[in-house]
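S.K.: Here it is: the structure, laid out below.
The values are calculated or read from the model by the stated rules, or taken from the named source; none is laboratory data. As the structure is a prediction and not an experimental result, all values here were calculated from the model. Glycine also receives a Cβ, built like all others from the backbone with ideal geometry; neighbour counts cover every protein chain displayed. Areas reflect the complete protein model, heavy atoms only, side chains present, ligands, DNA and RNA absent. Shrake-Rupley method; radii C 1.70, N 1.55, O 1.52, S 1.80 Å.
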2 protein chains.
Amino acid sequence: MFERIAVLGVGLIGGSFARAAKKQGLCRHVAGCGRNTRNLLRAMELGIIDSFTTDPASSCEGADLVLISSPVGSFRELAGAIAPGLRPGAIVTDAGSVKGDLVRMLEEMMPEGVHFVGAHPIAGSDRSGLEASSDDLFRGAWCIITPTGRSDSASAQKVSALWEALGCRVQHMDPFVHDRVFAAVSHLPHVAAYALVNTVADLERGSLAYAGQGFRDTTRVAASSPEIWRDICIHNRDNLLEMINALRKNLEGMAGMLEASDAAAIEEAFSRARAVRREIG
Amino acid sequence: MFERIAVLGVGLIGGSFARAAKKQGLCRHVAGCGRNTRNLLRAMELGIIDSFTTDPASSCEGADLVLISSPVGSFRELAGAIAPGLRPGAIVTDAGSVKGDLVRMLEEMMPEGVHFVGAHPIAGSDRSGLEASSDDLFRGAWCIITPTGRSDSASAQKVSALWEALGCRVQHMDPFVHDRVFAAVSHLPHVAAYALVNTVADLERGSLAYAGQGFRDTTRVAASSPEIWRDICIHNRDNLLEMINALRKNLEGMAGMLEASDAAAIEEAFSRARAVRREIG
């Protein structure tokens, strides 16, 4: 499918992508790039990448596909570094959890003849880093592809086919719609989990010794990478703010019912949530 | 260990207790009691109980151990119904998720010669009901025993030994301390999960089609029984209100950092939460 894939950021997502692409025989050569030489050496050792450099521009030389799989806060700088050296016909895609303005920016930064198509595989984890990567991370997962009016349709098709070949269920979505959807089902739950852990740690730290499966599950994603999630929050700020504020309002409502000892209202709110939650499975 | 155990409420906890007690040979006879005859017939069919009635008083006649494993909102009425007919020397215990004032009330309601000792096995689930019960639900789980200055120490020892025999790690705790601890690590996370589901359902219902593992885990407990959790919230109201308000304040702080695009503060808050969460494992 490709001759040479450059993977910028060889962590959980980039590493799993490289492993899966190799396993499916989708390319001849994977060039890895990152900030941490030890991590890249480890990726070589594991056979996940075929060459490496810490210089983004040189890692993308001659690549017909570039995957940007670093925290979204690094996208602008990386795109600026690689754009001048990209070969005509190359496709650039990403695995970022935020699209919207980032997609617009990346499209604009690409040189003539190079096409950007945004992608977001829904396969994160509270684990992060290369060692957690696996060639079946994407199997059965959603991958949202976010082509726009400016996208090259052949490139969008090729990016879709690529993620499908890695086992994803591909869905096309407007980048701005994407950001609302994932503010709701992913970014807000992460913020809620981080806030919940800090609240309990501040108020009743000793109680954590008695945390059961409920607490563990509810807060599992609070073990996620602070760097990755900081960037996601900042780049999806407006949607996320609206949703954090809606959650605060909902909790205010719950507190009001509880203050009034309104058992019927509490049960109704819980029943409504249970019905919704059970639909998801 | 016991001749006849009466189990008031043959659901997930009561059913699992009966199964485990039988498996460990801790009693000759388990008398089941509940509101739903079909459920009790099913428990008979599965060999979980040996006899049943929908009348609490008669189910406890001759019992040397009574387990109250119904929603905590039913405790007062049940205790009132069974107290007159309890035989001297009988031990009454419970599996309620709230202790505090409830323990005091139950102690006071017991007739001369009958001893109440509170217990809370930390083994709930988003599943509920008899069909979800199992004889190893309590294996490796904490069981908090809440004796007070008024408790009969031989009875407290016996209740401890009972839960240990069912596989629990037993910990004694003051009933009011218990309620703070579990407001933090259990009741607050449940309220947060219910609120999170309702917030997303209100704002971006369609987004739920794209819910990944993060959303599923964070909200798993929102599938829990609304009746059981309504009662827990009402009976641990003051602790829970304090913690809901602390969570609101924390989310307000997060919203402030985000409004200011304060990446460093966000990363610091996330890092703190991650360190705490990783300690729990």
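S.K.: Can you find, within segment B:162-203, the residue that is farthest from B:Trp229 (Cα to Cα) among those that are open to solvent by 40 Å² or more (accessible area, probe 1.4 Å) and not basic (Lys, Arg)? Break it down into steps so the answer makes sense when it comes.
M.R.: Residues of segment B:162-203 open to solvent by 40 Å² or more (accessible area, probe 1.4 Å): B:164, B:169, B:171-172, B:174, B:176-177, B:180, B:202-203.
The next check asks that each one be not basic (Lys, Arg); those that pass are B:164, B:171-172, B:174, B:176-177, B:202-203.
Details: B:Glu164: 26, B:Gln171: 23, B:His172: 23, B:Asp174: 22, B:Phe176: 19, B:Val177: 19, B:Asp202: 21, B:Leu203: 24 Å.
Selected residue: B:Glu164.
S.K.: Given the criteria buried (at least 21 other Cβ atoms within 10 Å of the Cβ), closer than 26 Å to B:Ala246 by Cα and more than 15 Å from the chain's Cα centre (by Cα), does A:Tyr210 qualify? Full working, then the answer.
M.R.: Working: buried (at least 21 other Cβ atoms within 10 Å of the Cβ): no; closer than 26 Å to B:Ala246 by Cα: yes; more than 15 Å from the chain's Cα centre (by Cα): yes.
For A:Tyr210, the condition - buried (at least 21 other Cβ atoms within 10 Å of the Cβ), closer than 26 Å to B:Ala246 by Cα and more than 15 Å from the chain's Cα centre (by Cα) - is not met.
S.K.: Of all residues being within 12 Å of A:Ala141 (Cβ to Cβ) and not small (Gly, Ala, Ser) in segment A:109-128, which is surrounded by the fewest Cβ atoms within 10 Å (Cβ to Cβ)? Just the residue, please.
M.R.: Ranking the candidates gives A:Ile122 first.
S.K.: Could you tell me which residue of segment B:172-221 is nearest to the other protein chains (Cβ to nearest Cβ), considering only residues that are outside any helix (DSSP H, G or I) and modelled with pLDDT of 95 or more? Quick ask: steps written out before the conclusion?
M.R.: Of segment B:172-221, the ones outside any helix (DSSP H, G or I) are B:172-174, B:211-212.
Then keep just the ones that are modelled with pLDDT of 95 or more; that gives B:172-174.
Numbers: B:His172: 13, B:Met173: 9, B:Asp174: 13 Å.
For segment B:172-221, the residue satisfying everything is B:Met173.
S.K.: Among the residues of segment A:255-268, how many are open to solvent by 10 Å² or more (accessible area, probe 1.4 Å) and either in a helix (DSSP H, G or I) or within 7 Å of chain B (Cβ to nearest Cβ) (or both)? Even if it seems obvious, please write down each step before you answer.
M.R.: First, pick out the residues of segment A:255-268 that are open to solvent by 10 Å² or more (accessible area, probe 1.4 Å): A:256-257, A:259-265, A:267-268.
Now restrict to residues that are either in a helix (DSSP H, G or I) or within 7 Å of chain B (Cβ to nearest Cβ) (or both): A:256-257, A:259, A:261, A:263-265, A:267-268.
Total satisfying the criteria: 9.
S.K.: Continuing with the same structure: Assess whether B:Met243 counts as being without any contact (Cβ under 8 Å) to a residue 40 or more places away in the chain, surrounded by 22 or more Cβ atoms within 10 Å (Cβ to Cβ), part of a helix (DSSP H, G or I) and not small (Gly, Ala, Ser). Reasoning before the result, please.
M.R.: Working: without any contact (Cβ under 8 Å) to a residue 40 or more places away in the chain: no; surrounded by 22 or more Cβ atoms within 10 Å (Cβ to Cβ): yes; part of a helix (DSSP H, G or I): yes; not small (Gly, Ala, Ser): yes.
Taking the combined requirement at face value, the residue does not satisfy it.
S.K.: Does segment B:215-240 hold any residues that are over 14 Å from B:Ser186 (Cα atoms) and free of Cβ contacts under 8 Å to residues at least 40 places away in the same chain, and which are they?
M.R.: Listed by number, the residues that qualify are B:Phe215, B:Arg216, B:Asp217, B:Pro226, B:Asp238.
S.K.: Collect the residues in segment B:46-77 that are open to solvent by 30 Å² or more (accessible area, probe 1.4 Å) and part of a helix (DSSP H, G or I), keeping them in residue-number order.
M.R.: Correct list: B:Ala57, B:Ser58, B:Gly73, B:Ser74, B:Arg76, B:Glu77.
S.K.: Please verify whether B:Arg248 is touching a residue at least 12 places away in the same chain (Cβ under 8 Å), at the interface with chain A (Cβ under 7 Å from one of its Cβ atoms) and surrounded by 20 or more Cβ atoms within 10 Å (Cβ to Cβ), treating the condition exactly as stated.
M.R.: On the way: touching a residue at least 12 places away in the same chain (Cβ under 8 Å): no; at the interface with chain A (Cβ under 7 Å from one of its Cβ atoms): yes; surrounded by 20 or more Cβ atoms within 10 Å (Cβ to Cβ): yes.
No.
S.K.: Are any of the residues in segment B:89-102 over 21 Å from the mean Cα position of the chain (by Cα), surrounded by fewer than 24 Cβ atoms within 10 Å (Cβ to Cβ) and part of a loop (DSSP other than H, G, I, E, B)?
M.R.: yes
S.K.: Has segment B:148-158 got at least one residue that is more than 7 Å from every other protein chain (Cβ to nearest Cβ) and open to solvent by less than 20 Å² (accessible area, probe 1.4 Å)? Walk me through how you get there before you give the answer.
M.R.: If we filter segment B:148-158 for residues that are more than 7 Å from every other protein chain (Cβ to nearest Cβ), which is where we start, we get B:148-158.
Now restrict to residues that are open to solvent by less than 20 Å² (accessible area, probe 1.4 Å): B:155-156.
Checked against the condition, which is being more than 7 Å from every other protein chain (Cβ to nearest Cβ) and open to solvent by less than 20 Å² (accessible area, probe 1.4 Å), segment B:148-158 yields at least one hit.
S.K.: Given the conditions (1) more than 25 Å from B:Ile49 (Cβ to Cβ); (2) in contact (Cβ under 8 Å) with a residue 60 or more places away in the chain, and given that B:Ser133 satisfies all but one, which numbered condition is not satisfied?
M.R.: In the conditions (1) more than 25 Å from B:Ile49 (Cβ to Cβ); (2) in contact (Cβ under 8 Å) with a residue 60 or more places away in the chain, B:Ser133 misses (1) alone.
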